[in-house]
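The values are calculated or read from the model by the stated rules, or taken from the named source; none is laboratory data. Please read all numbers here as calculations on a predicted model, not as lab measurements. Note: ideal-geometry Cβ built from the backbone for every residue, glycine included; neighbour counts use all protein chains shown. With ligands, DNA and RNA removed, areas are computed over all heavy atoms of the protein, side chains included. Shrake-Rupley method; radii C 1.70, N 1.55, O 1.52, S 1.80 Å.
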Amino acid sequence: GALINLDGWVTKDMLLKDGAVMVINFPRELNPAANATEQSRRDAENERKKRIDLLRKTLRDAQAFAKIVDAGSTNAAPNVMLRSLVPVVKGEQTVMFNVDKAGEIKGALEIADEFKLKVILSGCAEAWKVVDLLKTKNVPVLLGGVLDLPFGESDPYDANYSTAAVLAKHGVKFAFTTNDAAHVRDLPFQAGVAVAFGLSKEEALKAVTLYPAQILGADKQIGSLSEGKVANIMLTDGDPLEKLTKVKHLF
């Protein structure tokens, strides 16, 4: 797998036992300063559109490269980036788009439809604004930013806290993610906050165990207690999603 950042191509292994996920950082919407001029705002948005066009061009090039490879041609120039994208554009490998705002989510889904990609969305802080679209497209979500404040000044204060409950209510498959390694320790607390704002405890526990394994295609090895799987059995002195709970034993 690879992490694709349109500011420059960077690879990062994300291999699972049954396959891999390719991660693409979708060009983000900008947050200009309050005193930014209209011209600077337009320039920034035009630059973002250029990066989206670059993503589309790269995927089209990968489609063309895939046809050359399938034809067995020996004239194809060695191109590591395009070769890594061949399974993606052929629908054999899942691609994960890192997105947050509603516009980014819509844009990523448009590209997924255009190139017939198998997609997971990660981040999705504003998933609550486009939950019907996510349900219609049947796209799983790795939900981050649960403990963050909402982007919009007019958004409800609890928008991020309650997004998990909104996704569950609409039948969107989701799991929790912390978005960065430094806050992995907070993963149970993200689920706990979601419970406080409407998500059932059963769904919250699945969203940090079974559901992420299913979404990433690793549920045959991890995610639940079953014979033959790799698992940690944890004994606590209380609800595992409560901040004050202590782990007594781990097997």
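Observations
- The chain - accessible surface per residue (Å², probe 1.4 Å): 56 Å²
- Residue pairs, from the table Lys137/Lys169; Lys201/Lys229; Lys90/Lys116; Lys116/Lys137; Lys67/Lys106; Lys49/Lys106, whose Cα atoms sit over 19 Å apart: Lys201/Lys229; Lys67/Lys106
- Tilt relative to the chain, helix 102-115 - C-alpha long axis, 0 to 90 degrees, to 10: 50 degrees
- A Gaussian network model of the chain, with springs between Cα atoms under 10 Å, assigns the largest mean-square fluctuation among Val184, Val208, Val146 to Val184.
- On Cα atoms only, tilt of 80-89 relative to the major axis of the chain in degrees: 70 degrees
- Its Kirkwood hydrodynamic radius, worked out from the mean inverse distance over all distinct Cα pairs, puts the chain at 19.8 Å.
- FRET efficiency for the pair Asp158 and Asn138, taken as 1/(1 + (r/R0)^6) with r the Cβ-Cβ distance and R0 = 30 Å, rounds to 0.65.
- Available extension along the chain between Thr245 and Ser40 is 68.9 nm, counting 0.36 nm per residue and deducting the alpha carbon span.
- Surface composition of segment 60-172: carbon plus sulfur atoms hold 51% of the accessible area, using a 1.4 angstrom probe and ignoring ligands, DNA and RNA.
- For segment 114-223, applying the loop criterion from DSSP together with a ceiling of 11 other beta carbons within 10 Å to the GluC sites (Glu not before Pro) yields Glu153.
- In terms of its alpha-carbon gyration tensor, segment 165-251 comes out oblate; a/c meets the 1.5 threshold, while b/c is at least as large as a/b.
- Rounded to whole Hz, the Karplus (6.51, -1.76, 1.60) HN-Hα couplings of segment 219-224, x for glycine and proline: 6, 6, 10, 9, x, 7
- Listed pairs Lys118/Lys246; Lys118/Lys220; Lys57/Lys118 exceeding 30 Å between Cα atoms: Lys118/Lys246
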